[in-house]
Amino acid sequence: MTSYEHGLTRRRFAAGVVAALSAGGLARKVRAEVPKLAIDTHAHVFHRGLKLAPGRRYAPDYDAPLALYLQQLDQNGITNGVLVQPSFLGTDNSYLVECLTATNGRLRGIAVVDVAVAADELRALDRAGVAGIRLNLVGQKLPDLSSPEWTALLAQIRTLDWQVEIQRNASDLATLAPTLLDQGVKVVLDHFALPDPKLGIDDPGFRSVLKLGATRNVWVKISAPYRNGAAGEAFAKQAYPLLRQAFGVDRLLWGSDWPHTQFEATQSYAKNRKFLDDLVTDADERARVLASPRELFRF
């Protein structure tokens, strides 16, 4: 190699280094300008003009409209949210869809559907941003999830790559969740899996739920500790390390449970966001919890 060629090679190398450094600096700048995802996976929106479901256990006497929920997100540094169809609105998901459409992808939805729902309706919900269905089984007769009608619905849920979210006490979840897992669907358990408030982490049902972490197809919402009795916050602090060990940080989902139906007098969005700081004291781990729903909800 001549001295000229050697010098040219060095100049090209130096130019390449400068280009790489410049690109790296640009990449860092872009990353710095893109806000980290912080996702609230459990909230409800509604207003008193909506048609209520027959046989409902409860109905609020106030409005919790979309604009007010978005204000809560903005004020608490949350980038995205998930709207869960309230049980008192039944299977009429029209307001949910309206809200998802209005927010251009900032929000995702969890719908409530009839077991005989048409495939076309499910596909329409999917296009609107719905990512799963909810089974709110509190106070309800347990469904036979292995029956032909449920098997048919769950096959469609699996095809859509949706989740099935369940609200029920831990002792029943330990039986229900495996039935769903056997049918190949992703399972999300509400509100720390709702153990017996008197037993807390010693509830055998809760201990059985912990074993589901090994499947890697179950997620748990660390939300609404107040729905686990008067000592709910103390229970949550005991439960979190066990849930983290069993499921991993990437399978734990934070939710505000806004507007905290039936607990409005004692709860607020800011209070529940602050409790997450008390629950997950490491900032990096907390950021992972807030971002972990991205893939599950397709953000």
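Tabulated values for the structure
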read-out: Criterion violated by D161 - all others in (1) more than 18 Å from R298 (Cα to Cα); (2) under 19 Å from the mean Cα position of the chain (by Cα); (3) acidic (D, E) satisfied; value: (1)
read-out: Top-ranked residue of the range 70-101 - restricted to ones that are of a type in the set (S, T, N, Q) and either assigned to a helix (DSSP H, G or I) or outside the structural domain of Q262 (by TED's automatic domain parsing) (or both), ranked as farthest from R123 (Cα to Cα); value: Q75
read-out: Test: residue in the range 50-69 that is touching a Pro at 6+ places or on another chain (Cβ under 8 Å), small (G, A, S), farther than 17 Å from S268 by Cα and not in a strand (DSSP E or B); value: no
read-out: Lone qualifier among A124, A64 - being in contact (Cβ under 8 Å) with a residue 60 or more places away in the chain, assigned by TED's automatic domain parsing to the domain that holds I157 and out of contact with any helix residue (DSSP H, G or I) (no Cβ under 7 Å at 6 or more places or on another chain); value: A64
read-out: Residue list for the range 168-178, restricted to those being out of contact with any Lys or Arg (no Cβ under 7 Å at 6 or more places or on another chain) and crowded, with 16+ Cβ neighbours inside 10 Å; value: R168, N169, A170, S171, L173, A174, A177, P178
read-out: All positions within the range 159-178 that are within 14 Å of L145 (Cβ to Cβ) and in contact with a strand residue (DSSP E or B) (Cβ under 8 Å, 6 or more places away or on another chain); value: V164, E165, I166, R168, L173, L176, A177
read-out: Top-ranked residue of the range 101-145 - restricted to ones that are farther than 20 Å from N169 by Cβ and among the polar types (S, T, N, Q), ranked as surrounded by the most Cβ atoms within 10 Å (Cβ to Cβ); value: T103
read-out: Counted residues, the range 111-158 - those being acidic (D, E) and within 17 Å of E98 (Cα to Cα); value: 2
read-out: Among the residues listed as Y69, Y62, the single one being surrounded by 12 or more Cβ atoms within 10 Å (Cβ to Cβ) and more than 20 Å from Q167 (Cα to Cα); value: Y69
read-out: Residue pairs meeting the criteria (Cβ under 8 Å; at least 6 apart or on separate chains; first farther than 19 Å from Q71 by Cβ, in the range 92-110; second modelled with pLDDT under 95); value: D92/L50; D92/K51; D92/A53
read-out: A287 modelled with pLDDT of 95 or more, assigned to a helix (DSSP H, G or I) and surrounded by 13 or more Cβ atoms within 10 Å (Cβ to Cβ); value: yes
read-out: Among (1) touching a helix residue (DSSP H, G or I) at 6+ places or on another chain (Cβ under 9 Å); (2) surrounded by fewer than 17 Cβ atoms within 10 Å (Cβ to Cβ); (3) among the polar types (S, T, N, Q) - the single one T281 does not satisfy; value: (1)
read-out: Test result for V188, free of Cβ contacts under 8 Å to residues at least 60 places away in the same chain, of a type in the set (A, V, I, L, M) and either in contact with a Ser or Thr (Cβ under 7 Å, 6 or more places away or on another chain) or under 20 Å from D161 (Cβ atoms) (or both); value: no
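Condition check ((1) more than 22 Å from A38 (Cβ to Cβ); (2) surrounded by 20 or more Cβ atoms within 10 Å (Cβ to Cβ); (3) in the same structural domain as R108 (by TED's automatic domain parsing); (4) among the charged types (D, E, K, R)) across all residues:
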site	(1), (2), (3), (4)
V218	yes, yes, yes, no
S223	no, yes, yes, no
V249	no, no, yes, no
G255	no, yes, yes, no
F263	yes, no, yes, no
T266	yes, no, yes, no
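The values are calculated or read from the model by the stated rules, or taken from the named source; none is laboratory data. These numbers come from a predicted model, not from an experiment. We place every Cβ from the backbone using ideal geometry, glycine too, and count neighbours over all the protein chains shown.
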